[in-house]
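Down below is the structure, laid out as structure tokens.
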Amino acid sequence: MNRAALNLMICICVLISLTGCSLKYTVDDPPAPGFVYQHVDKKPITMKVVDQRDSVQYMVGISGLQRVDLTLGNVDDPVSWIANGLVKEFNARGVPLQLAAKEGGAPADLTLTVRKYQLINHRASGFSAWESYNLFLGQVTMGSKSCLIPSFFFNSKIPVWSMDEIQKPCISDPMAVVVKDVASKINQCLFGYGVSNDDLQKLTTAALSSVKADSPTACFPLIDLGGTNNPAAMSTLKTFAGHGDSFVHNCAVSAIGTLGAEKEFVFLEGRFNHFAANDRVMPLKAIGDIGSSQAQNFLRQVQTGELYREENGVRYCTDLYLSR
């Protein structure tokens, strides 16, 4: 490392250690999905969002960031932000979802109750990676249908020249992935819409091209595959789950859980045992998505182990899915 870079890292370390300092970031809008569901009922659907979070603090700093004031410059209310993000995501997928009027309107068609929603940020020192753990827990209800909706995404980045470098990988991307994951799970619970095999092939081609080109947005075509609700996407996702790039295989494994991993427990357990340290978080997330007694027992075993005590991401993910 040259002297200028070393001096910058020392300055960052000092900055993080100072009481009362602050870091402000701007959140990008989630990228539009690359697919539209088929055979969608075009009757508008209204959604009521109820905020029942156990903690209203969204941006949380721990360890080296504990005394840093972390803020989002363009997000005043994170629950409103994710609610609007879900509407945009569903509309782009061809589902005419809209937010219900807050007062005086007709009863909403569905209700999403938000119980937990936080972006927890960790950095041990000015020389280590910035890690972010974006977690969500909600309950969606429509008539006689009701589902618990958990979501989790982990990513990390070592900033070199500027703290602005963590904005996309540790702020915007995790927030976008959670929006898409929650939308996909709501669709599975309430609507059951899916993507045709022809459209799935186009998405698969786009994902292959994006990953091959080493695109910084390669995550999202994989997340799209998880949102298709088409089981034929599973083989492609399992292939990408073995990719050498952490961000790529984390997105692929997350999407496996989203798509429906009831038959993939052994595969995900293998990924968990193969990956190192915090890369084990996303197989845990996908196993949590299964929701079976076998999956829950696996999470309980993790909760008693050394990895749970040492890795923040493993702990937050395990606790989230065991609270369902």
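The values are calculated or read from the model by the stated rules, or taken from the named source; none is laboratory data. Note that the coordinates shown come from a computational prediction; the quantities given were computed from them, not determined experimentally. FYI the Cβ positions are ideal-geometry reconstructions off the backbone, even for glycines, and counts take in every protein chain you see.
Below is a table of values for the structure above.
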read-out	value
Enumeration of residues in the range 279-324 that are touching a residue at least 12 places away in the same chain (Cβ under 8 Å), among the small types (Gly, Ala, Ser) and outside any helix (DSSP H, G or I)	GLY291, SER292, SER323
Filtered residues of the range 212-231 (kept if closer than 16 Å to LYS263 by Cβ and crowded, with 16+ Cβ neighbours inside 10 Å)	GLY226, ASN229, ASN230
Residue in the range 127-148 that is part of a helix (DSSP H, G or I), touching a helix residue (DSSP H, G or I) at 6+ places or on another chain (Cβ under 9 Å) and either among the basic types (Lys, Arg) or buried (at least 18 other Cβ atoms within 10 Å of the Cβ) (or both) present	no
Residue within the range 277-290 that is basic (Lys, Arg) and at pLDDT 95 or above present	yes
Considering residues of the range 87-107 that are small (Gly, Ala, Ser) and surrounded by 15 or more Cβ atoms within 10 Å (Cβ to Cβ) only, the residue farthest from ASP224 (Cα to Cα)	ALA100
Conditions (1) assigned to a helix (DSSP H, G or I); (2) at pLDDT 90 or above; number of the one not met by PHE247	(2)
Some residue of the range 156-173 being surrounded by fewer than 21 Cβ atoms within 10 Å (Cβ to Cβ), of a type in the set (A, V, I, L, M, F, W, C), assigned to a loop (DSSP other than H, G, I, E, B) and touching a residue at least 40 places away in the same chain (Cβ under 8 Å)	yes
Any hit, the range 191-206, residues being of a type in the set (Lys, Arg), over 24 Å from ASP77 (Cα atoms) and part of a strand (DSSP E or B)	no
Failed condition for ASP77, given (1) closer than 22 Å to ILE120 by Cβ; (2) of a type in the set (D, E, K, R); (3) touching a residue at least 12 places away in the same chain (Cβ under 8 Å)	(3)
Unmet criterion (only one of (1) surrounded by 13 or more Cβ atoms within 10 Å (Cβ to Cβ); (2) over 22 Å from the mean Cα position of the chain (by Cα); (3) polar (S, T, N, Q)) for SER22	(1)
The range 308-324, residues that are surrounded by 19 or more Cβ atoms within 10 Å (Cβ to Cβ) and of a type in the set (A, V, I, L, M, F, W, C)	VAL314, CYS317, LEU320
Among (1) of a type outside the set (Val, Ile, Thr); (2) under 20 Å from the mean Cα position of the chain (by Cα); (3) modelled with pLDDT under 95 - the single one ALA92 does not satisfy	(3)
Subset of the range 293-307 (residues that are surrounded by 13 or more Cβ atoms within 10 Å (Cβ to Cβ) and among the small types (Gly, Ala, Ser))	ALA295
Scope the range 45-71; condition surrounded by fewer than 17 Cβ atoms within 10 Å (Cβ to Cβ), in a loop (DSSP other than H, G, I, E, B) and at pLDDT below 95; matching residues	ASP54, SER55, VAL56, GLN57, GLN66, ARG67
